[in-house]
Amino acid sequence: MRVLLVEDEVRLADNLAAALRDGPGFAVDWAEDGLAADDFACAASYDLVILDLMLPKLDGLGVLKRLRGRQDSTPVLVLTAKDGKDSIVQLLNAGADDYLAKPFDLGELLARAKALIRRGKGAAHPTLAALDLSVNTLEQSVHRNGVPVALSPIEYRILEYLIHRPRAVVSKRELLEHLYDFNWEHHSNVIEAHVSNLRKKLDAAVPDAEPVIETMRGRGYRLAPEAEQTS
Amino acid sequence: MRLAFQHRSIAFRLIAAVLAVELVSSLGVILISLGYERHTHFVAFDISLRGRADSVLGAVQDAEDAADNVMLNQADLHLPPDDIYEVYDQFGRLLGRSPNWAGMANTASTPSNTPHGNFFKIVLNGRHYRALQLHGSRIVDPGERGGGKLRQVTIVYGGPTEHVWHAIRGAVEFYAGGSIVLLLVTGPLIAWLLHRGLLPLRQLAALAGRVSVDSWYFSPPASAHLTPELAPLTQAIESVLERLERSFTQQKTFVSDAAHELKTGVAVIKSSLQLLGMRQRTPAEYMAGLERCLADSQRLEETVAKMLTLARFESVQSSPGPQPTADLPDCLRLTVNELATFAALHRVQLVPAPPPPGMFFVPIAAEDCSVLLSNLLLNALQHSPPDSTVEAHLTTGSEVVNLVIEDHGEGIDPEVLPHVFDRFYRGDPSRTRTTGGTGLGLAIARAIAERAGGSISIASRPGEGTTVTVCLPLAAESQASQSNQPSA
């Protein structure tokens, strides 16, 4: 999952980015002012925007309005140091999905971030299931047919992204965009290697298993739909 | 309509004043009418007295006796029954008198000096009479040779004055009654008119009363500006409200800005600690995390300290006692020395121009003066590229001293320039990262300069550098630079 963090206070941004990368393993892009945030949001597709309100150049509300003006439905979590219900109501009405008042609890921020991403992808429960796979997004653990499967962080993130969109074809480009921030070199063969490892680990968990990840040549990957009948 | 006036109200006082004037003038009218009525009535009375006396004279006839005497024929006299009279001939013999009188000889009289004749007053049996003495003559036997004989007669004739006075009193009573009626009518009428006339004032008060901390909107009624008496009051209310609102908004903004800064500061520390606790870390990682937290809390501490400094300088009350002063050149020298290490670290040369000779005292306490100077110099140093210079000059006028601090840094965007003295304003967030400024330094500098009655201004050419000019008034003892007052 890829998160756009918009925060002008450098130290806070550092901490938040570190927590988002360390904890749920999100890719994080950091914008330090409103205009940069708008540029970032235009250039890439994010699974979540964490938006500070008091920003130089363009304030958080302005960023939010531009984002929603482009029909962009990315979930937005607003960070605010402002008091008063009015500004919160105004924010939610402008299209924000949730807010946290500073100083906030880092654990709460991560939980809300995860919940917003989940909701944004149409899942209500933190444990996602498809075929005989279940992915617990809280513990970041994966079971196939009840058997735990040990995955590397990047393999887990690929599976988490795929299981949010079962039966949809996800291109390599999309995977790259959602799993890495701008600071990474984008090499599609890296993704290929990780997907290949992921598929091997998942298939090894259960004897005589149907392959769960299908490679659509030239188009991308999807969680195999016909496997549904076997479960 | 309510006419409940309190006795201190302007309306009450105006009404009382008008009624008092009315009362005095009606008393005057009564006195004047009394005098006038008395005069006209007595003139008429005197004329009628003279007429009656003449008719008495007409009743004096030839007695047809040998001595050619005259006699009074009272049978044909028709006079008011209350009148008194007596008639003498030239020999002092009584010819006749009214039956209700014992004669002048038995009556006390007071002469009255009227220009119309010899009138006098008589008091008879408690009644007041006005009387006149008339000398007349009769010619006895005018058909005889020689034209007859001339007989002199003296007539004293008096009439009671009661009814004259009665008529005068009636007239005066009419005037007095009229005045009272007028007073009774005009009193409420004035009250009503005043009540109406003061309507703009009440409207103004009602609208002014609606202004509160939450709603500063004040729109005076149109009548308030058009009424010459209310216009200054309205303008005063408007300007007071405007100033109050501005200061309130400033305070609110400050509190809100301060809350934002503090919350952000706390959020940084809290998130740093929570990040550290998210998973097991090596001792080196913990140490690094703790150091970051310490740095974060030091920044927060600095922000709080600067906020308090700013609040202190922005509070308007000046401390009692003598105004503290500082020698500006000396202060500048000390501050430059203090900042030498910082300047060397940034590889910037701090060049104070040689100050003009003498001492130049400014009305700022010495420690505040160094806060002012160090804030400005630090700001200049932080925005100077390595191997450049920051210059500080002092120039003096007759009553002011100008301090110019010039750097050769990147300059300030013209868009940003008007805001650099605003609290918590940071021109460019990237500067925050490199300089760690709180956004309060220049606001504090301005507060100090303005509190001392001076001013501060900034000019900048992007790419060339920035010049800050502080203009401060000189304290009284400055020119007498021989005084050995110690400074700093």
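Segment B:233-252 and segment B:56-104 have Cα centres separated by 99 Å. Around the Cα centre of segment B:231-314, unit charges on the Cβ atoms of Lys, Arg, Asp and Glu (plus for the first two, minus for the last two) sum to a dipole of about 300 debye.
3J(HN,Hα) along segment A:14-22, derived from phi through the Karplus expression 6.51 cos²θ - 1.76 cosθ + 1.60 where θ = phi - 60°, amounts to 4, 4, 5, 4, 4, 5, 5, 6, 5 Hz, with x in place of Gly and Pro. Using only Cα coordinates, the Kirkwood hydrodynamic radius of the protein assembly as shown works out to 37.4 Å. Look at the dipole of the protein assembly as shown built from charges on Cβ: of A:Phe104, A:Leu159, B:Val123, the Cα furthest out on the positive end belongs to B:Val123. Taking the charge dipole of the protein assembly as shown about its Cα centre, with +1 at Lys and Arg Cβ atoms and -1 at Asp and Glu Cβ atoms, the residue from A:Gly25, A:Leu64, B:Val29 reaching farthest to the positive side is B:Val29.
B:Thr303 sits with roughly 10 Å² accessible to a 1.4 Å probe, with DNA, RNA and ligands left out of the calculation.
For the residues A:Arg217, B:Arg97, a 1.4 Å probe over the protein chains yields an accessible-area ranking, largest first, of A:Arg217, B:Arg97.
Straight-line reach from A:Lys65: taking Cα to Cα under 16 Å and skipping same-chain neighbours fewer than 8 places apart, the lysines in range are A:Lys57. The GluC sites (Glu not before Pro) found in segment B:225-310 that occupy coil by DSSP, while having at most 14 further C-beta atoms within 10 Å, are B:Glu229. Taking every DSSP bridge with both residues inside chain A, close to 50 percent are antiparallel. Here the protein assembly as shown is assigned +1 on the Cβ of each Lys and Arg and -1 on the Cβ of each Asp and Glu. Its dipole about the Cα centre then comes out at about 1480 debye. Averaged over the residues of peptide A:50-58, the number of Cβ atoms from other protein chains lying within 10 Å of each residue's Cβ is 2. Loop-resident GluC sites (Glu not before Pro) (DSSP state other than H, G, I, E or B) in segment B:133-220 with no more than 13 further Cβ atoms inside 10 Å of their Cβ: B:Glu144. If you sort B:Tyr36, B:Tyr175, B:Tyr217, A:Tyr161 by accessible surface, 1.4 Å probe, largest first, the order is B:Tyr217, B:Tyr36, B:Tyr175, A:Tyr161.
Computed per residue of chain B from DSSP H runs no shorter than four, each worth -39500 (n - 2.57), the mean residue ellipticity at 222 nm is -17000 deg cm²/dmol. The calculated FRET efficiency for A:Ser171 paired with B:Val304, based on their beta-carbon distance and R0 = 45 Å, is about 0.30. Chains B and A together bury roughly 2100 Å² of accessible surface, counting both sides and using a 1.4 Å probe on protein heavy atoms. When only the Cβ of Lys, Arg, Asp and Glu is charged (+1, +1, -1, -1), the dipole of segment A:110-213 relative to its Cα centre reaches about 400 debye. B:Thr154 contributes an accessible area of around 30 Å² to the protein surface, as traced by a 1.4 Å probe with all chains present.
Here A:Lys200 is the anchor, and the lysines within straight C-alpha reach of less than 22 Å, apart from those fewer than 8 places off in the same chain, are A:Lys172.
Full extension of the chain segment joining B:Glu144 with B:Leu198 gains 10.2 nm, where the gain is 0.36 nm per residue of separation less the Cα-Cα distance. When the GluC sites (Glu not before Pro) in segment B:8-115 are filtered for DSSP coil states and for at most 16 other beta-carbon atoms within 10 Å of their beta-carbon, the remaining sites are B:Glu64.
The 1.4 Å probe gives accessible areas that order B:Leu31, A:Leu109, B:Leu207, B:Leu290, largest first, as B:Leu31, B:Leu290, B:Leu207, A:Leu109.
For segment A:103-134, list residues with backbone N below 12 Å from a point placed 7 Å from the Cα of A:Asp22 toward its Cβ? A:106-107, by backbone N distance to the label point. Using the Cβ-Cβ distance between B:Asp65 and B:Asn118 with R0 set to 30 Å, the FRET efficiency from 1/(1 + (r/R0)^6) comes to roughly 0.45. Accessible surface area normalised per residue over chain A is 44 Å², counting heavy atoms of protein chains with a 1.4 Å rolling probe. Relative intensity of segment B:11-169 on a log10 scale, I(q)/I(0) at q = 0.11, 0.16, 0.19 Å⁻¹, equals -0.55, -0.92, -1.15, per a Debye sum over C-alpha point scatterers of equal strength in the absence of solvent. Given a 1.4 Å probe and the protein chains as shown, B:Thr40 ends up with an accessible area of around 50 Å². To the nearest 0.05, how large is the calculated FRET efficiency for A:Ser196 and A:Leu138 if R₀ is 22 Å and r is the Cβ-Cβ distance? Computed FRET efficiency for A:Ser196 and A:Leu138 comes out at 0.20.
The number of Lys pairs in chain B with C-alpha atoms less than 30 Å apart, excluding pairs fewer than 8 positions apart on the same chain, is 5. With both labels modelled 7 Å from their Cα along Cα-to-Cβ, the A:Lys65 to B:Ser109 distance reads 11.3 nm. Our Cα-only numbers for segment A:127-230 put the radius of gyration and Dmax at 13.0, 41 Å.
The values are calculated or read from the model by the stated rules, or taken from the named source; none is laboratory data. Here the structure is a predicted model, which is why all the values come from computation and not from measurement. Glycine also receives a Cβ, built like all others from the backbone with ideal geometry; neighbour counts cover every protein chain displayed. Heavy atoms of the whole protein, side chains included, go into the accessibility calculation; ligands, DNA and RNA do not. Shrake-Rupley method; radii C 1.70, N 1.55, O 1.52, S 1.80 Å.
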